[in-house]
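Below is one structure, written out as structure tokens; comments come after it.
The values are calculated or read from the model by the stated rules, or taken from the named source; none is laboratory data. None of these values were measured; they are calculated from a predicted model. Here the Cβ is made from the backbone with ideal geometry for all residues, glycine too, and neighbour counts use every protein chain on show. Only protein heavy atoms, including side chains, enter the accessible area calculation; ligands, DNA and RNA are left aside. Shrake-Rupley method; radii C 1.70, N 1.55, O 1.52, S 1.80 Å.
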Amino acid sequence: MKRNVELVVISDVHLGTYGCKAKELLRYLNSIQPKTLVLNGDIIDIWQFKKSYFPKPHLKVIKKFLSLATKNTDVFYITGNHDEMFRKFTDFELGKLKVCNKLHLTLDGKKTWIFHGDVFDASVQHSKWIAKLGGKGYDLLIVINNMVNWFLEKMGREKYSFSKKIKNNVKKAVKYIGDFELTASELAIDNGYDYVLCGHIHQPQMREVQNKKGSCLYLNSGDWIENLSALEYNEGKWSIFNYDDHKHNLKDDETDEIQDINSDQLMQIVTQFS
């Protein structure tokens, strides 16, 4: 049985990169039936796209999104920096699928603001080549980390995250994350929002932020490279879904839900944006 969820938000999947955990994401998506699905940026990594590397599980994830949109799920694709090419299609709608740069919702009377968050990143806005170089370095770090973790698992040891170690111990990284969360929250408070949801920094989070003008709940959906996390809203409550906490209850689904969409044709469409 699939879980009925009112709203699901995922971000930073980075389809087309070696670090993307597409199989795990598919298991999660096959376990839920969301009323609304928000894809909050960097879903397809056009910056690092290679025609020689876009494996079947990555295509299956795209097919799954389309499958949900052809049924009873409203799907919003919010553009990020790694899939910024889609910004030229802002406000494009195809059935229940809509491309946008930001999203405003009202959830049980609470004003909700959802956007990717790259607007706060100076390296993306003003020195894109530095950001792209950093993206390639991060992808290489993840590949090496995956190899190390494979050996650790074989030896019965716990997995280790190079990226999380850096984020938690480098003062500039800790400050950047803190500044990002505070900036998003203060903007939300200034504009009268109760909830503000971001992605971009690959750091799942849910915390109340207060200042003299008011308060809001800051939420971040994390990513599907390291944290394998998503945000869920159901029955008036937010929660962070962590794949590692539920993976034993999820299983592979080999069925292809959209038989009339050819994988080769879908690949050609993706290639056009690279």
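Structure notes:
- Flag for D245 being open to solvent by 70 Å² or more (accessible area, probe 1.4 Å), at pLDDT 75 or above and under 20 Å from D12 (Cα atoms): yes
- Of the set (1) open to solvent by 20 Å² or more (accessible area, probe 1.4 Å); (2) touching a helix residue (DSSP H, G or I) at 6+ places or on another chain (Cβ under 9 Å); (3) of a type in the set (D, E, K, R), all apply to E93 but (2).
- Within the stretch 61-90, if we keep just the residues that are open to solvent by less than 50 Å² (accessible area, probe 1.4 Å) and more than 16 Å from the chain's Cα centre (by Cα), the residue that is modelled with the lowest pLDDT turns out to be T90.
- Failed item in (1) in a helix (DSSP H, G or I); (2) crowded, with 18+ Cβ neighbours inside 10 Å; (3) among the acidic types (D, E), with D12 passing the rest: (1)
- Residue match in the stretch 113-127 (condition: open to solvent by 80 Å² or more (accessible area, probe 1.4 Å), at pLDDT below 75, out of contact with any Ser or Thr (no Cβ under 9 Å at 6 or more places or on another chain) and of a type outside the set (V, I, T)): yes
- Exactly one residue among I62, I10 is touching a residue at least 60 places away in the same chain (Cβ under 8 Å) and either touching a helix residue (DSSP H, G or I) at 6+ places or on another chain (Cβ under 7 Å) or of a type in the set (F, W, Y) (or both), and that residue is I62.
- Considering (1) open to solvent by 10 Å² or more (accessible area, probe 1.4 Å); (2) touching a residue at least 12 places away in the same chain (Cβ under 8 Å); (3) over 14 Å from the mean Cα position of the chain (by Cα), the lone condition that L26 does not fulfil carries the number (3).
- Scanning the stretch 71-120 for residues that are assigned to a loop (DSSP other than H, G, I, E, B) and in contact (Cβ under 8 Å) with a residue 40 or more places away in the chain, we see that the one that is farthest from F49 (Cα to Cα) is D108.
- Residue, farthest from D179 (Cα to Cα), within the stretch 198-242, restricted to residues that are over 13 Å from the mean Cα position of the chain (by Cα) and hydroxyl-bearing (S, T, Y): Y233
- Only one of the listed residues (E208, E235) is exposed (fewer than 13 other Cβ atoms within 10 Å of the Cβ) and without any contact (Cβ under 8 Å) to a residue 24 or more places away in the chain. That residue is E208.
- Search result, residues across the stretch 178-202 that are open to solvent by 50 Å² or more (accessible area, probe 1.4 Å) and of a type outside the set (D, E, K, R): L182, T183, L187, N191
- Residues located in the stretch 29-55, provided they are open to solvent by 20 Å² or more (accessible area, probe 1.4 Å), more than 23 Å from K88 (Cα to Cα), of a type outside the set (S, T, Y) and assigned to a strand (DSSP E or B): Q33, K35
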